[in-house]
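Since the structure comes first, as structure tokens, the remarks are kept for the end.
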Amino acid sequence: MTTRIGITGAAGRMGRTLIEAVGLAGSDLLVTAALEQPQSSLIGADAGELIGQGKSGVILAGDLARVIADIDVLIDFTVPAATLANLEQCVAHKVAMVIGTTGFTPQEQARIDAAAQTIPICKASNFSTGVNVCFKLLDMAARVLGDDVDVEVYEAHHRHKIDAPSGTALSMGKVVADALGRDLQKVAVYGREGQTGARERETIGFATVRAGDIVGDHTVTFAAEGERVEITHKASSRMSFGRGAVRAAGWVAGQAPGLYDMQDVLGL
Ligand code: NAP
């Protein structure tokens, strides 16, 4: 059976990648709707031509309500306000969602949690398979290395990224904090400047770099006296996120209502 996919922010960096990724995924997944902001000059353009391929017959729409009957799953990599507006419509029409947007407040996340009682939602701060393997490795490293090490998270992204630290860096910090029995909200330190005093041992530090066209680098350092372990992931193409999100779309379409992540999709 074919899973019909809608893509929001279709002209954005991830949106274009997702259109391409669905095309690479095989014939049981099909883009049947592509959306942009209503005022976008690209409304009416062909989604296939948008990514430099031939006509696909899918025309960029500006209003989800007009195309929602044509889709089984909505993949949304936009901004929190747009994702939450789309969420309401998906709940009303019982359409599953894959959410890649980052930067939600705790209150906004609570709305997603509530929606997941009605529809299946797969949400991940990072849809790449490699990063999800790293989450597993981080959990193992933190449990073995324990309180002997200082933990620092470093991330670097392109100059256009609007939130910091990255959702992936926060997820990595949370995996480590959970494994060490700490509350990330209490122990996170976001940047340091001036007379900071000596490092408090239980803190988890975050460092952010924004520059050029970096797709996404993450390193978690576990530093002890005399040695350190570093777990690093480097994305060199957005297609790593695109392929993962499309795999998640095929998977989540067949699930019961609930909030899932990429670990569930990969069976980790
Ligand atoms: P982008 O290139 O700026 O694309 C965002 C898209 O959303 C654009 O097409 C934009 O349209 C559209 N948009 C913005 N505001 C909107 C609104 N109010 N209503 C409807 N559409 C709206 O950004 P990106 O690099 O693709 O990243 C998008 C999101 O995905 C970010 O939150 C990023 O952190 C996240 N991300 C997640 C992963 C993951 O694996 N989870 C990986 C990469 C990125 P305009 O251009 O017209 O504003």
Original post:
In sequence order, what are the phi-derived ³J(HN,Hα) couplings for the range 19-24 according to the Karplus relation 6.51 cos²θ - 1.76 cosθ + 1.60 with θ = phi - 60°, rounded to whole Hz, with x for glycine and proline?
Top reply: 4, 5, 5, 5, x, 7
Original post:
Straight-line reach from Lys136: which lysines have Cα under 22 Å away, leaving out those fewer than 8 places along the same chain?
Top reply: Lys123, Lys174, Lys234
Original post:
For the range 108-156 and the range 209-268, what is the separation of their C-alpha centers, rounded to whole Å?
Top reply: 8 Å
Subject >> Neighbour-count ranking [beta-carbon atoms within 10 angstrom, fewest first] of Cys134, Cys122 >> reply: Cys134, Cys122
**OP:** Rounded to the nearest 500, what is the 222 nm mean residue ellipticity of the chain from helices alone, with -39500 (n - 2.57) per DSSP H run of 4+ residues and division by all residues?
**Re:** -10500 deg cm²/dmol
Subject >> Calculated Rg and Dmax of the range 1-136 using C-alpha coordinates, Å >> reply: 14.5, 43
Original post:
Could you give me the ³J(HN,Hα) list for the range 141-156, computed from phi with Karplus coefficients 6.51, -1.76, 1.60 and θ = phi - 60°, whole Hz, x at Gly and Pro?
Top reply: 4, 5, 5, 7, 7, x, 7, 6, 10, 8, 10, 10, 10, 10, 9, 9
Original post:
Convex hull over the Cα atoms of the range 155-198, averaged projected area in nm²?
Top reply: 4.2 nm²
**OP:** With the convex hull built on the Cα atoms of the range 129-235, state its orientation-averaged projected area in nm².
**Re:** 7.1 nm²
**OP:** Using amide H atoms built 1.01 Å from N in the peptide plane, name the residues 5+ places from Val189, or on other chains, whose amide H lies under 5 Å from its own.
**Re:** Ile204, Gly205, Phe206
Original post:
Relative to the compact globular guide of 2.2 N^0.38 Å, what is the alpha carbon radius of gyration of the chain, as a ratio?
Top reply: 1.06
Original post:
What is the distance, in nm, between label points placed 7 Å from the Cα along the Cα-to-Cβ direction at Ala110 and at Gln195?
Top reply: 4.0 nm
Subject >> Ranked Asp46, Asp147, criterion: other C-beta atoms within 10 Å, fewest first >> reply: Asp147, Asp46
Original post:
Using Cα pairs under 8 angstrom and six or more residues apart, how large is the relative contact order of the range 129-235, in percent?
Top reply: 40 percent
**OP:** Once you have the Cα-Cα distance between Asp63 and Asp178, take 0.36 nm times their residue separation minus that, and quote the gain in nm to one decimal.
**Re:** 37.4 nm
Subject >> Distance in nm between pseudo-label sites at Leu137 and Lys161 (7 Å out along the Cβ direction from Cα) >> reply: 1.8 nm
Original post:
Amide H neighbours of Gly258 under 5 Å, counting only residues 5+ apart in sequence or on other chains, H built in-plane at 1.01 Å?
Top reply: Ile119, Ile121
Original post:
From the phi of every residue in the range 186-193, what ³J(HN,Hα) in whole Hz does the Karplus formula 6.51 cos²θ - 1.76 cosθ + 1.60 yield, where θ is phi - 60° and glycine or proline is x?
Top reply: 8, 9, 6, 10, 9, x, 9, 7
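None of the figures in this text is laboratory data; all of them are computed from the coordinates on show. Note that the structure is predicted; figures quoted are calculated from it, not measured. Every residue, glycine among them, receives a Cβ derived from its backbone with ideal geometry; neighbour counts consider all protein chains shown.
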